[in-house]
Amino acid sequence: MRKDNDLLAICARAAFLLLTAALCFASLAPADWLPRLFYSYHLEHFAAFYLVTLAMIFARYRARIRRLVGDVVVLASVLEGLRLFIPSHQFSVFEDWVADLGGVLAALAPVAAADFRRSFESRRPSAEA
């Protein structure tokens, strides 16, 4: 068992904070300050929230999946809500929010599937394996 002050746990928390800070900057900065990484602007939103959600899964290893979903959805909603007040970003806020949530769900789907499967594991050893 790892401890909370294990180097990997500390690195996971640091990576989550750095990715979240970079996401906030990228979401609120003027568009000409940022390089285009993908052909689709919505794919950039999807990938950014996919990475932040993965980092959150590793950084908050004791949190339940519902809590993780709620926290990252609040983050996406707040950032997209703030973008409503930036004139150059107003044109596709809802579509960007949907892409954000797609990245969140894509990152959390394997974790949810593993939790679901684990909930059906038998208490005693079985002949089937």
For this session: May I ask for the longest run of the chain untouched by GluC sites (Glu not before Pro) that are loop-located per DSSP and have at most 10 neighbouring C-beta atoms (other than their own) within 10 Å?
Result: 1-120
Exercise. Between Arg117 and Val93, what length comes free when the chain is fully extended (0.36 nm per residue of separation minus the Cα-Cα distance, one decimal in nm)?
Worked result: 5.1 nm
For this session: Have a look at Ser40, Ser119, Ser77 and tell me which one the Gaussian network model of the chain (Cα, springs below 10 Å) gives the largest fluctuation.
Result: Ser119
Problem set entry | Cα-only radius of gyration and Dmax that characterise the chain, units Å | 17.7, 63
For this session: Taking 7 Å along the Cα-to-C-beta vector as the label spot, tell me the Leu17-Arg67 distance in nanometres, rounded to one decimal.
Result: 1.9
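Read-outs throughout are calculated quantities, based only on the coordinates presented, and are distinct from any laboratory measurement. Since the structure is predicted, the reported quantities are computational estimates derived from the model, not experimental observations. Backbone-built Cβ (ideal geometry, glycine too); neighbour counts: all protein chains shown.
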